[in-house]
Amino acid sequence: MLIGRPSDIRPSEITSKDNYVNRRQFIKAGAAAGGIALAPSAFAAVVPRNEFAKLPDISSSKFSTDEAPTSFDDVTTYNNYWEFGTAKQDPAIHTTEFEPLPWRITVDGHAEKTGSFEFDDFIKPFDLEERIYRMRCVEAWSMVIPWVGISLADVVKRYQPTSKAKYVAFETLQDPRRMPGQKRQVLEWPYREGLTIEEATNPLAILAVGLYGEALPNPNGAPIRLVVPWKYGFKGIKGIVRISFVEKRPASSWNIAQPWEYGFYANVNPDVSHPRWSQARERRIGSDRFAAKQPTLMFNGYGEQVAHLYKDLDLRKNY
Ligand SMILES: Nc1nc2c(c(=O)[nH]1)N[C@H]1C(S)=C(S)[C@@H](COP(=O)(O)O)O[C@H]1N2
Ligand SMILES: [Mo]
């Protein structure tokens, strides 16, 4: 089923006029510098190389929230992406030169099918869906983001993991020349994350390749990143180059860095405080700064879809 938004609504109607114009000039400047024009022609089959790189044939999802999406500007200028700096505005500033394409994704480990694929070939077999999800960062702020993505369950199914595959591990690109934040050891690089195979095949999990109907902006993890809306934002690893089917629980970057603060599961849980702050409430980005914080929901409000995954776990211990 085709949906009205976002193809019927120009970004000018979503963001303010001024930002729309600036953005248009910004993208044009990028094209002139060779970034966009140099994309391999094969990629055009999936993502048209027009000014806004609008994605074709996006269907809607029954899992979308009807809450108002956070503006395009907030979604793309208030980010965590430490490969490009540790401040919220750093990814928007320091990814302007980043050229995500060409991009290869390796699938390996305990699966019948494995291999290394051009981004275009990797996503071509799957349907593009818009998933408007609430997103909750561990730092107690939240957004509503109209992702465009492919079902992670479909991806897993295609590669036919064997019975040994208990987890799916993900890795970000490691290349300090392209990701200058990696010159500092603020985290152990490459950024790594993982899910149990049951989590990875839950219908809510997606690999996002776009937002607001357009190819994924660099600050949000172009060309492809994980989105698991019932977990804290740090599980949503960006710039993925490797997907591995593994037997043992994989290392995850924040768990390596500060295991006493960040567990493997990272399920959104208003009842379990972070050691340094409460997780009971959250600030919705874009609301005015005097607005009251809103309560955080168990599993970020996605309990109906995911609570069964954790019925035998003590969520106070398995955070
Ligand atoms: N590779 C990588 N992925 C990452 C991060 C990062 O620093 N590096 N930050 C995470 C954190 S803490 C959050 S909250 C989300 C933010 O996603 P967004 O910028 O698209 O909102 O990305 C996650 N994915
Ligand atoms: Mo986060």
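Some points to look at:
- Interatomic Cα distance distribution for segment 11-310, bins of 10 angstrom, percent: 6, 28, 38, 23, 5, 0
- From phi via Karplus (6.51, -1.76, 1.60), per-residue ³J(HN,Hα) for segment 308-319 in Hz, x at Gly/Pro: 4, 5, 10, 4, 9, 10, 7, 6, 6, 8, 9, 8
- Rounded to the nearest 0.05, the FRET efficiency derived from the C-beta distance between D154 and T65 at R0 = 25 Å is 0.70.
- When each of K248/K311; K124/K164; K157/K317; K166/K235; K62/K157 is checked by Cα-Cα distance, pairs over 25 Å: K124/K164; K157/K317
- Phi-derived couplings, Karplus 6.51 cos²θ - 1.76 cosθ + 1.60 at θ = phi - 60°, listed residue by residue for segment 93-100: 6, 9, 9, 5, 8, 6, 10, x Hz, with x used for Gly and Pro.
- Residues whose amide H comes within less than 5 Å of that of V209, counting only those at least five positions distant or on another chain, are V148, G149, I150 (H built at 1.01 Å from N in the peptide plane).
- Per residue, the convex hull spanned by the alpha carbons of segment 229-311 comes to 148 Å³.
- Largest to smallest in accessible area, the residues L313, L216 fall in the order L313, L216 (1.4 Å probe, all protein chains included).
- Shown here for segment 170-249: trypsin sites (Lys or Arg not before Pro) in loop regions (DSSP other than H, G, I, E, B) with at most 11 other Cβ atoms within 10 Å, namely R177, K248.
- Mean Cα-pair separation over length for segment 163-319, i.e. relative contact order, pairs under 8 Å, 6 or more apart, %: 24 percent
- Look at the Cα gyration tensor of segment 163-249: its axes a ≥ b ≥ c give a/c of at least 1.5 with a/b at or below b/c, and that counts as oblate.
- Relative to the current alpha-carbon distance between K183 and N318, full extension at 0.36 nm per residue lengthens the span by 45.3 nm.
- Listed by chain and number, the aspartates and glutamates whose alpha-carbon sits under 15 Å from that of K293, ignoring those within fewer than 8 places in the same chain, are E139, E282.
- For K231, the residues whose modelled amide H falls within less than 5 Å of its own, excluding neighbours fewer than 5 places apart on the same chain, are V268.
- Gyration tensor verdict on segment 176-215 (Cα atoms; rounded if a/c is under 1.5, prolate if a/b is larger than b/c, oblate otherwise): oblate
The values are calculated or read from the model by the stated rules, or taken from the named source; none is laboratory data. None of these values were measured; they are calculated from a predicted model. All Cβ positions, even for glycine, are placed from backbone atoms using ideal geometry, and neighbour counts span all protein chains on display. Heavy atoms of the whole protein, side chains included, go into the accessibility calculation; ligands, DNA and RNA do not. Shrake-Rupley method; radii C 1.70, N 1.55, O 1.52, S 1.80 Å.
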